[in-house]
Amino acid sequence: MSRHLFGIRHHGPGSARSLEKGLRELKPDCILIEGPAETNEVLGFAALPTMIPPVALLIYPPDNPSRSVFYPFAAFSPEWIALRHAFANDIPVRFIDLPVAASFAGRKTKEKRETIDDAELLRLRHDPLLWLAQAAGEDDGEGWWERTIEERPSGFGVFEGIAEAMEAVRGNTPELTSAEERRREDQREAWMRREIRSAEREGHETIAIVCGAWHVPALKPKVSSARKDNEILRSLPRMRLHATWIPWSYRRLARSSGYGAGVEYPGWYEHLWMSDHSPAAAWLTNVAAALRRDGIEVPTSAAIDATRLAEALASMRDLPLVGLRELDDAARSVLCDGDERKMTMVREGLMIGSRIGTVPEETPMTPIETELRREAKRLRLPIDGESREYDLDLRTPFGLARSRLLHRLSILGVDWGIERDVLGKKGTFHEVWRIAWRPELSVRLAEASLMGSTLIDAATRAVIEEAERAASTELSPLPVFASLIDGVVLADLPEAIDHLARAIEREASATSDVSEMMEAVPPLARVARYGDVRSSNRLAVASVVKGLLRRISVGLQSACASLDEGEARGMMDRIDKLHDAIRLMDEDDRREWTGALWRMLARPMSGIQHLSTNNRRARAAPLLLGRACRLLLDSDAIPSGEAQRQMELSLAGLDNTRLAGNWLEGFLSGSGLLLLHDNALWRIVDEWLHTLREEEFIHLLPVLRRIFANYTPAERRQLARKVEKNASESVTESAGVYDVERGDRVLGVVALVAGRG
Amino acid sequence: MPTPDTATGVLRQHAEQEFAHELELIARIDRKQRPPNWKLSPWGVALYVLGGKVRGGAITPKYFGNRRLIEVAIATLATDRALLLFGPPGTAKSWVSEHLAAAISGDSRLLVQGTAGLGEEALRYGWNYARLIAEGPSMNALVASPIMVAMREGRIARVEELTRIASDVQDALITILSEKTLPIPELGTEAQAHRGFNVIATANNRDRGVNELSSALRRRFNTVILPLPPHVDEEIAIVRTRVEALGRALDIPTPPPAIDEIRRVVTIFRELRSGMTEDGRRRLKSPSGTLSTAEAISVISGGMALAAHFGDGEVTVGDLASGLEGAVVRDPGPDSIAWREYLETVVRERADWDDLYRVFRERIEE
């Protein structure tokens, strides 16, 4: 009877390789692995060929799945290797760590989505590896382990060395942890010892124990007695927990995702695991291939040169082997022409990797799946392949709940239902969905478990992650935030709304781009307005809108200046949308907005004569001035008389006909009713048209055409009728003043423009 | 940047002369393996460039910045690939190139300055025509270029501003770098490179109207981009060290301005250069000039000279103002708008920059 301790580093490919070799040589008849006891009943699923890492064991209380714990495994995780070795050789295998329930029940505060990782080794605030590294003359504990264990070709003897080293470290680090952590660690090690003893009692001869290197000294024989351990383990709290497998991703295995025992670069580790010899050359070849996929020309010879540079660097830095740092430097200098941007294009994809695992269909349902089935049953939405259409009335709690469920699923990429445009009905209260279940949705649902254990948690997290991704990669994330918020409101994710509102507020104070802020307002305004239909956090959002509006109001004038015609048109569109959105807001906001429009209109009037001169670039574009005037008139912020004055001033004051035409386009586009009903405005336009010389008029025709083409046919008909009527009136009234013959010639064209011809 | 030697009267000494004692010091303790014909091991070269303490004295740092970049540069030269130092102007490309050549070959003088009018003979070889006519073609009549000399002697040759050289002339380097030989068809012979030969080229990526390297030539180079200093304190340290050295060398009696004054100049440069305030809160218009560290150095040393000869011997804001404005406003149109916006939105709002704001405001109103 013998116990063999394999001290490993979680997710260390070097450890995994040595372990694989060690197990093959040892031929144990029982394997014990450091991992929570609750998972023993589902371990068997790991033997199935359809279980492909990265996957994770998920442990959760059935009544509150959001308090769940994950134990991820990659293909290069030593624990995974041990599991697979056991199944392949038909050896009993067991997880021997303290049940999660013990620490779960003991915890008073309810922390969400904690990751109780078993890698105490890495989490210790005073990195014990650092001690070893310093003894070896290095200043980086992780890096030392990497170079001495992970990147080196494997050897069986390495485990004896690790055991000795850890013995020395543990013997010399008296108070590394807090009393609470210390107590938990004592319990864990006592539990593991007890499990080992019971395996020995069962009569296994050669027992392989795979645990974090840190625990090795504590699991040796005769460290403690059965009686002492039972004393430590007395009165452990109990709790019923479920366990299952879920797919995991490299992204979430990476430490950057917040997983404490994570590794820096899972993709790099996988590479180390997969490539037997010369990982450097193979890695650089991969980098070259990735660059080529992105359209960057990289000759094969460059990969060779890069390998040589990496080797030269390693020898210059006194390293026995080429590491990731050398490869990074070599790839940048040789393959990317020193360009950091090219490097970042491929770095993340290769180093972290995008791999997502799969779990067999037979595994127990994930909490999310259970929740979906329960909810679907409650809401009478059958989960089958048949396609059905539902018209949801959001004013009823039932319809609202259905809509909420479907929206949450869409956020998670589970497109069970597709929302269709509502025709005829008021969109606020109705949604029409076509739902049909497809088998691949089960896979997406399982992947959603990555984000959280309940639909609301997972959807919230998915949104927040998307926002964070945008914040870190997009130059101006504001539009992304704005586009996310609509779906979030519909899915009723209050936490995500808060997060986005805060993100928008923060970004708005950093950006000076008024256009982006303008685009963010309409969806937010909808939240603030319809927050009563959906019971979400509308007050907070309303205050964000207020803040945005204030910033827009300050910057609007300069944002409308120095624009060319295309840009001005884009800005007009934004102004229109914002204006529409503001109508949903309260009186203060409306006043703030009309105030901004008015300032834009009023201030440059004194200098409008200069518009055609050099000063033009500092003034708002005439198109936008015209639009501002129109919007102010529409919302009763200025009297009709003021609008007339503005129009007269602009049409006469802009000596360049094209600019005057722009003003007119801004003022008139949209709806023709104004011209039909306001005779004074009609007269001004009419008179101004008469003052134009023939070639000026011809120049202006495209603009006029654009204005009138957007009116409804009915409006155009009425306008044409008005032209005819007024023409005859003006002939009788003031025949002496007008050149009738010339007027007639114009009228034909105007009629044509107005769509009558 | 020139550092005149007061003893010899030479305006600027070569790196290997100025730092001869440091090179000697390192050579004495450097026990690591040296590539053929190298005066120091790669480790020793890195120590020389990056500075450090050794037995018997201290090595002054020649380059402040990312250690890894310099290591990559040195490792490149130790393989048979050539080194291209790339980056915006004023990031010490030529400076690094000179010191690398000095440390590796003990000689930084094998230099070709790239210009638009440079002919192929400057990279390969020319002829002494009197001899050519008198004696006919022979090795004696041939005038070797610095590159040919470097090949023969196994040293480092330097090509400054590689991208200013016409493309077809640039490509003369391809044979030299890939075949390590320089054919001399007139004599039916060739000059072969000896071990230790390599080329360091510099080029800046901000210039307009330059000749991009052909991809064939580009492949012969490993590229190291020397960035503008990523952190304000790093840049201040560079400016201060250089300004002090320059002041001593040029015999300017005025002491360099206080660190806070340097910090202000450097901050202004950095903020305008990056188009964003240091706290990342406000975006700014960037003027057309490069506003490199080297320019910050010349603004401050110019201020010192002004103060010494026309002022009261102490650098005031006024002494710095004209140099600063000159560096920022290169193009009177858009640059002066950017500068004014910066004054009104940033300088004005910083309480302790009040004096600066007043001085510049006066200059604008004049």
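The values are calculated or read from the model by the stated rules, or taken from the named source; none is laboratory data. Please read these numbers as outputs of a predicted model, since none were measured by experiment. Because the Cβ atoms are built from the backbone with ideal geometry, glycine has one as well, and the counts that use them run over all protein chains shown. Note: accessible area is taken over every heavy atom of the protein model, side chains too, but ligands, DNA and RNA are not part of it. Shrake-Rupley method; radii C 1.70, N 1.55, O 1.52, S 1.80 Å.
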*Quick one: count up the residues across the range A:339-355 that are more than 8 Å from chain B (Cβ to nearest Cβ), open to solvent by 40 Å² or more (accessible area, probe 1.4 Å) and without any contact (Cβ under 8 Å) to a residue 40 or more places away in the chain.*
4
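Please go through the range B:37-88 and pick out each residue that is open to solvent by 50 Å² or more (accessible area, probe 1.4 Å) and within 14 Å of another protein chain (Cβ to nearest Cβ).
First pass over the range B:37-88, keeping only residues open to solvent by 50 Å² or more (accessible area, probe 1.4 Å): B:37, B:39, B:43, B:53, B:55-56, B:58, B:60-61, B:64, B:66-68, B:80.
Of everything in the range B:37-88, those that are open to solvent by 50 Å² or more (accessible area, probe 1.4 Å) and within 14 Å of another protein chain (Cβ to nearest Cβ) turn out to be B:TRP43, B:ASN66, B:ARG67, B:ARG68, B:ASP80.
Which residue, of A:VAL463, A:VAL432, A:VAL443, A:VAL414, is open to solvent by 50 Å² or more (accessible area, probe 1.4 Å) and of a type in the set (A, V, I, L, M)? Show your work before the answer.
Working: A:VAL463 fails: open to solvent by 50 Å² or more (accessible area, probe 1.4 Å); A:VAL432 fails: open to solvent by 50 Å² or more (accessible area, probe 1.4 Å); A:VAL414 fails: open to solvent by 50 Å² or more (accessible area, probe 1.4 Å).
Being open to solvent by 50 Å² or more (accessible area, probe 1.4 Å) and of a type in the set (A, V, I, L, M) holds for just one of A:VAL463, A:VAL432, A:VAL443, A:VAL414, which is A:VAL443.
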*asked:* If I filter the range A:239-258 for residues that are modelled with pLDDT of 80 or more, of a type outside the set (Gly, Ala, Ser) and surrounded by fewer than 17 Cβ atoms within 10 Å (Cβ to Cβ), do I get at least one hit?
replied: yes
*Only one of these conditions is not met by B:ALA294: (1) buried (at least 21 other Cβ atoms within 10 Å of the Cβ); (2) more than 30 Å from A:SER476 (Cβ to Cβ); (3) touching a Gly at 6+ places or on another chain (Cβ under 6 Å). Which number is it?*
(1)
*Report yes if some residue within the range B:121-133 is within 28 Å of B:LEU40 (Cβ to Cβ), aromatic (Phe, Trp, Tyr) and not in a strand (DSSP E or B); otherwise report no.*
no
*Could you tell me whether B:ALA216 is under 23 Å from B:LEU118 (Cα atoms) and assigned to a strand (DSSP E or B)?*
no
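Residue-wise test of (1) of a type in the set (Asp, Glu); (2) within 14 Å of chain A (Cβ to nearest Cβ).
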| position | (1), (2) |
| --- | --- |
| B:ARG164 | no, no |
| B:LEU173 | no, no |
| B:LEU182 | no, no |
| B:GLY188 | no, no |
| B:ASN198 | no, yes |
| B:GLU235 | yes, no |
| B:ARG240 | no, no |
| B:ALA245 | no, no |
*Of the criteria (1) closer than 17 Å to A:THR454 by Cα; (2) open to solvent by less than 50 Å² (accessible area, probe 1.4 Å); (3) part of a loop (DSSP other than H, G, I, E, B), which one A:TRP437 fails*: (1)
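Mind listing whichever residues of the range B:89-101 are assigned to a helix (DSSP H, G or I), within 16 Å of B:ASN205 (Cβ to Cβ) and either at the interface with another protein chain (Cβ under 10 Å from one of its Cβ atoms) or open to solvent by 10 Å² or more (accessible area, probe 1.4 Å) (or both)? Show your work before the answer.
Start the filter on the range B:89-101 by keeping residues that are assigned to a helix (DSSP H, G or I), which leaves B:93-101.
Subset that is within 16 Å of B:ASN205 (Cβ to Cβ): B:93-94, B:96-97.
B:LYS93, B:SER94, listed by residue number.
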*asked:* So if I check each of B:ILE26, B:ILE74, B:ILE70, which one is modelled with pLDDT of 90 or more, within 17 Å of the chain's Cα centre (by Cα) and over 20 Å from B:GLU234 (Cβ atoms)?
replied: B:ILE74
*asked:* Which residue is modelled with the highest pLDDT, if the candidates are limited to the range A:668-685 and must be touching a Ser or Thr at 6+ places or on another chain (Cβ under 8 Å) and buried (at least 17 other Cβ atoms within 10 Å of the Cβ)?
replied: A:LEU681
_The lone exception for B:SER105 - which of (1) open to solvent by 10 Å² or more (accessible area, probe 1.4 Å); (2) more than 13 Å from chain A (Cβ to nearest Cβ); (3) at negative phi it fails_ = (1)
*asked:* Can you tell me which residue is nearest to the other protein chains (Cβ to nearest Cβ) among those in the range A:280-303 that are free of Cβ contacts under 8 Å to residues at least 12 places away in the same chain and assigned to a helix (DSSP H, G or I)?
replied: A:SER301
*Within the range A:488-510, which residues are within 13 Å of chain B (Cβ to nearest Cβ) and open to solvent by less than 10 Å² (accessible area, probe 1.4 Å)?*
A:ALA508
_Whether any residue in the range A:560-572 is over 26 Å from A:SER671 (Cβ atoms) and either touching a His at 6+ places or on another chain (Cβ under 8 Å) or not charged (D, E, K, R) (or both) is what I want to check._
yes
*Identify, please: which residue in the range A:471-482 is in contact (Cβ under 8 Å) with a residue 12 or more places away in the chain and under 20 Å from A:ARG341 (Cα atoms) and is, among those, surrounded by the most Cβ atoms within 10 Å (Cβ to Cβ)?*
A:PRO477
*Count of the range A:308-317 residues which are more than 7 Å from chain B (Cβ to nearest Cβ) and buried (at least 23 other Cβ atoms within 10 Å of the Cβ)*: 1
*Considering each residue of the range A:318-338, count those that are open to solvent by 30 Å² or more (accessible area, probe 1.4 Å) and within 11 Å of chain B (Cβ to nearest Cβ), and give that number.*
4
